[in-house]
Amino acid sequence: MKTMEDVKDIQKQNVRDYVQQVYHRVEKRNEYEPEFLQAVKEVFDSLLPVLVKNPTYINKGILERIVEPERFVFFRVPWLDDKGNVRVNRGFRVQFNSALGPYKGGLRFHPSVNTSIIKFLGFEQIFKNALTGQPIGGGKGGSDFDPKGKSDDEIMRFCQSFMIELSKHIGPDIDVPAGDIGVGAREIGYMFGQYKRMRGAFEAGVLTGKGLDYGGSLGRTEATGYGTVYFVEEMLKDKGYEFEGSTVVVSGSGNVSIYAMEKAMEFGAKVVACSDSSGYIYDQNGINLDTIKQLKEVENKRIYEYKNEHPDAVFVEGCSGIWSIPCDIALPCATQNELDRESAELLISNGVKAVGEGANMPSTQDAIDLFIDNDVLFAPAKAANAGGVSVSALEMAQNSTRIMWTREDVDSKLHEIMKNIYQDSIQAAEEYGDPGNLVKGANIAGFIKVADAMVSQGVV
């Protein structure tokens with residue numbers, strides 16, 4: 001005679017088999033998309049206790065539906081360079097899930113952009129956006145166009161051509177793109193101007209990350225970096241740690257990295273290293289943020305030129321070595337899969353206490369497992385990285401009311417959102433049997449919000 005425990009074990013095994021079967025189908029359909037598969041597996045690995053407790057999600061086919069984009073647009077982007085030559089790039093937009101609101105997610109212009117990258121980013125965006133508590137669905141887009149080395153006129157012509165096609169698929173209540181790697185205020189401005197010209201209307205809510213003079217939000221530039229530090233701050237406080245007096249290493253030197261460094265310094269931390277694609281700078285005296293901002297935001301120069309102003313600093317070619325620097329807190333803020341198992345081993349051996357992901361999926365699964373197994377506090381990207389899209393949603397709200405909030409108002413709302421994301425994630429981890437595991441907690445908290453909305457809306 002089967003005991004209650006036997007029945008529960010059989011139920012768990014049946015659910016485990018079901019999840020595995022769905023994932024195998026995803027693998028078969030997307031076998032050449034490793035980043036997308038990595039993102040799906042990480043979420044699926046968290047959901048067993050949720051599906052056991054809520055079999056309705058299985059009956060309604062939520063997993064099968066949530067891994068398939070509602071729409072994927074792939075298009076040609078022809079443009080003229082300064083010599084009059086025709087150049088052609090690829091454009092993408094994935095509209096992954098609109099259960100909670102219009103699709104929302106950035107545009108990335110980088111040579112690495114392909115179907116797998118766009119789908120992984122869009123899939124992550126579903127749950128990240130759900131965690132913010134804002135009424136936004138998940139999407140992502142971009143192109144394999146590289147803005148580096150291009151003139152302003154070339155970038156303008158590319159952005160205008162890109163928007164000619166993209167404009168057919170977006171709108172304030174349909175899909176609201178923003179910036180990402182390679183897409184800043186300049187690129188958003190060119191795309192917004194083209195959209196306005198084509199539509200013959202000033203629809204401020206169609207793009208976020210705009211200039212302050214035409215519908216942008218104060219605090220948007222700083223939002224992702226600040227948000228990462230706000231989230232990590234909550235995680236540290238729960239364990240009796242703080243940024244004050246800590247040594248911090250931050251990868252990257254773009255917006256996310258710069259403003260994560262800025263906020264960590266405001267909280268009393270000493271940031272000793274940052275990087276770009278050429279290598280990293282280590283300054284044992286503490287990184288001079290004014291120099292980094294001048295190099296990256298004003299002069300658009302490489303990080304090694306930091307040494308010209310600070311000769312005691314050390315520049316090392318290659319990026320991965322940055323994780324060999326001893327630190328209390330590591331903030332990977334550059335790109336996906338930049339922090340692997342070997343780097344995690346170095347950080348752990350040097351006594352790292354906490355890792356906060358400022359970039360999208362910057363740690364490999366092997367690295368994440370190692371951090372968790374060694375009791376390193378770990379803040380996953382879909383939670384810690386959510387500050388940028390949170391303030392993008394706040395920009396949408398300001399556009400709807402035609403009222404501009406102060407920087408202090410925006411920052412206060414951002415801080416509160418990041419606190420709520422932490423609390424939702426930690427509570428979900430507790431409720432579903434893995435206390436303190438923020439990876440599972442964030443996946444579960446985000447998934448349940450989207451899944452419940454999908455159930456309510458029927459099979460669509």
Which residues, counting only those in region 62-117, are polar (S, T, N, Q) and assigned to a strand (DSSP E or B)?
89, 95, 97
Test: residue 367 is buried (at least 24 other Cβ atoms within 10 Å of the Cβ), aliphatic (A, V, I, L, M), in a helix (DSSP H, G or I) and touching an Asp or Glu at 6+ places or on another chain (Cβ under 9 Å):
yes
Condition check for residue 305: without any contact (Cβ under 8 Å) to a residue 24 or more places away in the chain, closer than 20 Å to residue 184 by Cβ, touching an Asp or Glu at 6+ places or on another chain (Cβ under 9 Å) and in the same structural domain as residue 343 (by TED's automatic domain parsing)
no
Taking residue 188 as the residue in question, decide whether it is buried (at least 19 other Cβ atoms within 10 Å of the Cβ), β-branched (Val, Ile, Thr), at pLDDT below 95 and closer than 22 Å to residue 109 by Cβ.
no
Return yes when residue 210 is at pLDDT 95 or above and assigned to a loop (DSSP other than H, G, I, E, B) and no when it is not.
yes
For residue 263, indicate whether it is within 18 Å of residue 228 (Cβ to Cβ), assigned by TED's automatic domain parsing to the domain that holds residue 374 and not hydrophobic (A, V, I, L, M, F, W, C).
yes
Sort through 188, 155 and tell me the only one that's free of Cβ contacts under 8 Å to residues at least 60 places away in the same chain, closer than 24 Å to residue 223 by Cβ, aliphatic (A, V, I, L, M) and in contact with a Lys or Arg (Cβ under 6 Å, 6 or more places away or on another chain).
188
Go through (1) farther than 24 Å from residue 253 by Cβ; (2) buried (at least 19 other Cβ atoms within 10 Å of the Cβ); (3) charged (D, E, K, R) for residue 168 and report which single condition fails.
(2)
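Okay, residues lined up against (1) modelled with pLDDT of 95 or more; (2) hydroxyl-bearing (Ser, Thr, Tyr):
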{"residue": "249", "(1), (2)": "yes, no"}
{"residue": "260", "(1), (2)": "yes, no"}
{"residue": "263", "(1), (2)": "yes, no"}
{"residue": "271", "(1), (2)": "yes, no"}
{"residue": "291", "(1), (2)": "yes, yes"}
{"residue": "296", "(1), (2)": "no, no"}
{"residue": "306", "(1), (2)": "yes, yes"}
{"residue": "346", "(1), (2)": "yes, no"}
What is the number of the single condition among (1) at pLDDT below 95; (2) surrounded by 20 or more Cβ atoms within 10 Å (Cβ to Cβ) that residue 330 does not meet?
(1)
Hey, could you check region 234-269 for residues that are among the β-branched types (Val, Ile, Thr) and touching a helix residue (DSSP H, G or I) at 6+ places or on another chain (Cβ under 7 Å) and say which is surrounded by the most Cβ atoms within 10 Å (Cβ to Cβ)?
250
Single residue of 174, 126, 164, 117 found to be under 25 Å from residue 447 (Cβ atoms) and either free of Cβ contacts under 8 Å to residues at least 40 places away in the same chain or over 18 Å from the mean Cα position of the chain (by Cα) (or both):
174
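The values are calculated or read from the model by the stated rules, or taken from the named source; none is laboratory data. Note that the coordinates shown come from a computational prediction; the quantities given were computed from them, not determined experimentally. Cβ coordinates were reconstructed from backbone atoms using ideal geometry, including for glycine residues, and neighbour counts include every protein chain displayed.
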